[in-house]
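In what follows, a single structure is set out as C-alpha cells and then discussed.
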Amino acid sequence: MAIGRRDALGQLLLLPMGLFLLRCSNDDNGGGTPAPVASPGQPGAPTRSGSATVYTSSVTQEHTHTATIEDDSYSTPPAGGLSSTTSVNQGHDHPLFVSAEDLLRVNIGETISIVTGVSTGHTHTFTLLKIS
C-alpha cells in the first residue's frame, strides 16, 4: 500500500523556526482547516493574557475565533467541565465545552483538540496546550 503525502508527514513537522503540531484530516466535517499550533511567539500560537491562555481556532469559512481559558481551570477543573463561548467574528460565536478530564490532560502537558458547537452551519477546532 502506498503512503500518501499526509501519512508520510505524520503529526509533527520540525522547522528551523520551531515545532509545529499539524492535524490533517480527509474528513469534511465543517471544522475547517486547522492552523498549525506554533511554539510560543510564532503566528497562530496561543498567547498569555494575565492568568489565562488565549487560543485561536482553525480557519473555517475564511475566519477564526478566539477562546480564553484561565490557568486555574487546568489545575482545578470544574467537575462538570468548562462551558464557554468563543469570540464573535462575522456576526456569530460558537459554544465551546472542555471536559474536566481534557483540562487535566492539558495540565499535565498533553495537547488536545476540541471542536466547537455548530453556529451558522459550521464548527471550528481549537488545539489546547499549556504554555507558561
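A short reminder: the numbers here are calculations on the coordinates, not readings from a lab. These numbers come from a predicted model, not from an experiment. Cβ sites come from the backbone with ideal geometry, for glycine too, and all protein chains shown count toward neighbours.
Some notes on this structure:
- Complete set of residues in the range 98-126 that are exposed (fewer than 15 other Cβ atoms within 10 Å of the Cβ) and basic (K, R): none
- Among (1) touching a helix residue (DSSP H, G or I) at 6+ places or on another chain (Cβ under 7 Å); (2) over 18 Å from G44 (Cβ atoms) - the single one V88 does not satisfy: (1)
- Residues located in the range 73-110, provided they are farther than 20 Å from T60 by Cβ and either of a type in the set (D, E, K, R) or under 13 Å from the mean Cα position of the chain (by Cα) (or both): E101, D102, L103, R105, V106, E110
- Subset of the range 48-97 that is loosely packed, with under 15 Cβ neighbours inside 10 Å and in contact (Cβ under 8 Å) with a residue 40 or more places away in the chain - its residue that is farthest from T123 (Cα to Cα): R48
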